[in-house]
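Worksheet: one structure, shown below.
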Number of protein chains: 2
Amino acid sequence: MKKALQEAEMAFSKGEIPVGAVIVVADKVIASSHNLTELLNDVTAHAEMQSITAAANFLGGKYLKDCTLYVTLEPCQMCAGALYWSQISKIVFGARDEQRGFMNMGTKLHPKTTVVSGVMANEAADLMKRFFLERRK
Amino acid sequence: MKKALQEAEMAFSKGEIPVGAVIVVADKVIASSHNLTELLNDVTAHAEMQSITAAANFLGGKYLKDCTLYVTLEPCQMCAGALYWSQISKIVFGARDEQRGFMNMGTKLHPKTTVVSGVMANEAADLMKRFFLERRK
């Protein structure tokens, strides 16, 4: 999660909503990315989406059955929907997203996927707060 | 929708689940694509996702507020989640996807988005049936 937070800080420094993601398999990082929706002018360029594509590319197969995603913010409907298709083993996220997160939106994950929340949540939430405070100035 | 069906047929000929999508603004096609999840080894390579990215790229902005998406099959959670972020004006789809479509899955669209279903639904459903029949052989 520390590495995902570093990715989120990279997004912050580019003026992107600071979300970072990392995918790990057998203790090895195989993908890491941060939100690039502004730079790429693309609503699909969330950190998770990029990491899913990169991890599948690394593995040479589209399923991420033995992988764990670490992401600083609770995934949205789109990212949770992509994670559903990927059959990922585990999702570990930091801060909750009450408004746009998949839990309150009711998005279904794959039955084999387990979820852990709240890991370094304060650090992730602080980064988000700092971002929106600076943007309001 | 005819053009979206042509895209779906292109997917079929490549051994991909036959779904095609087209995005139109002011009667002009600005993006067209078909499912490429197998070829790209990427669960995120649905027809709709590619068209959303291509249309935003064409427009030079990430929002598709004045656009209409034509897609042969009801979008899934991931694609509906991406369409939510895009604030697309209208979604026109062909065949229902009772199992994995966004309607039964409960994915929320943007409040400004309208949905029309059942356009050339038989043609789209026939193509899907033919694909899965051939794959079972």
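Coordinate-derived values only; no laboratory data. Since the structure is predicted, the reported quantities are computational estimates derived from the model, not experimental observations. When we count neighbours, we look across all protein chains shown, and the Cβ atoms used for this are built from the backbone with ideal geometry, even at glycine.
For the range B:101-114, putting each phi into the Karplus relation 6.51 cos²θ - 1.76 cosθ + 1.60 with θ = phi - 60° gives couplings of x, 5, 5, 6, 7, x, 6, 8, 9, 5, x, 7, 8, 9 Hz, in residue order, rounded to whole numbers and with x for Gly and Pro.
With an 8 Å cut-off on Cα pairs and a minimum separation of 6 or more residues, tell me the relative contact order of the range A:79-137 in percent. Taking the mean separation of contacting Cα pairs over the length of the range A:79-137, I get 41 percent.
Relative to the longest principal axis of the Cα atoms of chain B, helix B:2-13 runs at roughly 40 degrees. Cβ crowding within 10 Å ranks B:Tyr84, A:Tyr63 as A:Tyr63, B:Tyr84, fewest other Cβ atoms first. For B:Met78, B:Met1, the sequence from fewest to most other C-beta atoms within 10 Å is B:Met1, B:Met78. Taking 27 Å as the limit for the C-alpha separation, the pairs A:Lys3/A:Lys129; A:Lys62/B:Lys65; A:Lys2/A:Lys90; B:Lys14/B:Lys112 exceed it in the case of A:Lys62/B:Lys65; B:Lys14/B:Lys112. Cα centroid separation, the range A:1-27 to the range A:40-62: 13 Å. Annotation: the antiparallel percentage among DSSP beta bridges lying fully within the protein assembly as shown is about 55. Of the trypsin sites (Lys or Arg not before Pro) in the range B:1-88, the ones in a loop by DSSP (not H, G, I, E or B) with at most 13 other beta carbons within 10 Å are B:Lys14.
Computed from Cα positions, the angle between helix B:121-136 and the longest principal axis of chain B comes to roughly 40 degrees.
Inter-copy label distances for B:Ala125: 4.8 nm (label point placed 7 Å from Cα along Cα→Cβ; shortest first). Between identical copies, the spacing of A:Lys90 label points, each set 7 Å from Cα toward the C-beta atom, reads 4.8 nm from nearest to farthest.
Helix-only mean residue ellipticity at 222 nm, chain B, DSSP H runs n ≥ 4 weighted -39,500 (n - 2.57), per residue, nearest 500. What is it?
Numbers: 5 runs with 55 residues, N = 137.
When only DSSP H runs of four or more count, the value is -12000 deg cm²/dmol.
Largest GNM mean-square fluctuation among B:Leu40, B:Leu83, B:Leu69, using chain B with Cα springs under 10 Å: B:Leu40.
Angle of helix A:77-86 to the longest C-alpha principal axis of chain A, folded into 0 to 90 degrees and rounded to 10: 20°. May I ask what percent, to the nearest 5, of DSSP beta bridges between residues of the range B:1-110 are antiparallel? Bridges in the range B:1-110 that DSSP calls antiparallel: roughly 70 percent. Derived scalar couplings between HN and Hα for the range A:50-57 equal 5, 5, 4, 4, 5, 5, 5, 4 Hz in order, rounded to whole Hz, by the Karplus curve 6.51 cos²θ - 1.76 cosθ + 1.60 (θ = phi - 60°), x for Gly and Pro. Name the most mobile residue of B:Val19, B:Val92, B:Val71, meaning the one with the largest mean-square fluctuation, in a Gaussian network model of chain B with Cα contacts below 10 Å. Fluctuation is largest for B:Val92.
The residues packed around B:Arg135, meaning those with a beta-carbon under 12 Å from its beta-carbon, carry a net charge of +1 if Lys and Arg are +1 and Asp and Glu are -1.
Using a 7 Å projection from Cα along Cα-to-Cβ, the label point at B:Gly61 is separated from the same position in the remaining copies by 4.4 nm, smallest value first. Using θ = phi - 60° in the Karplus curve 6.51 cos²θ - 1.76 cosθ + 1.60, the 3J(HN,Hα) couplings for the range B:24-31 round to 10, 9, 6, 6, 10, 6, 10, 7 Hz; x is entered for Gly and Pro.
Neighbour counting of Cβ atoms within 10 Å sorts the residues B:Arg136, A:Arg135, A:Arg130, fewest neighbours leading, into B:Arg136, A:Arg135, A:Arg130.
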